[in-house]
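Dropping a structure here in structure tokens format, bear with me for questions.
Read-outs throughout are calculated quantities, based only on the coordinates presented, and are distinct from any laboratory measurement. Model, not experiment: these values are computed from the prediction. In this analysis, Cβ positions are derived from the backbone assuming ideal geometry, glycine residues included, and neighbour counts consider all displayed protein chains.
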């Protein structure tokens, strides 16, 4: 089951981005999924569902948005290295 959410946005951002409404909507969907994943609010699988792509495609796309697919912060990673 899917839910439709309608957003009203000014036309000017689309003009500035030289984006068509459908392409802009897809990009916003991906951006929302990436940010919710980055904040830890969605798993990679659920974020991929939100983005409308497979989990592998979503994980590969994270690099475009400078988001790590690994849920480790610098401190946790340093601890892991120290304990290795």
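Round to the nearest 10 and give me the degree value, 0 to 90, for the angle of helix 74-83's Cα axis relative to the longest principal axis of the chain.
Helix 74-83 sits roughly 30 degrees off the main axis of the chain.
How do 70, 24, 58 rank when sorted from fewest to most other Cβ atoms within 10 Å of their own Cβ? Each step should come with its number before you reach the end.
Details: 70 10, 24 15, 58 23.
Taking fewest neighbouring Cβ atoms as first place, the list is 70, 24, 58.
In degrees, nearest 10, range 0 to 90: what is the angle between the Cα axis of helix 21-38 and the longest Cα principal axis of the chain?
20
Based on the alpha carbon coordinates of the chain, what radius of gyration and maximum Cα-Cα distance (Dmax) apply, in Å?
16.1, 53
Order by neighbour count: 37, 65, fewest other Cβ atoms within 10 Å first, most last.
Least crowded to most crowded, the residues run 65, 37.
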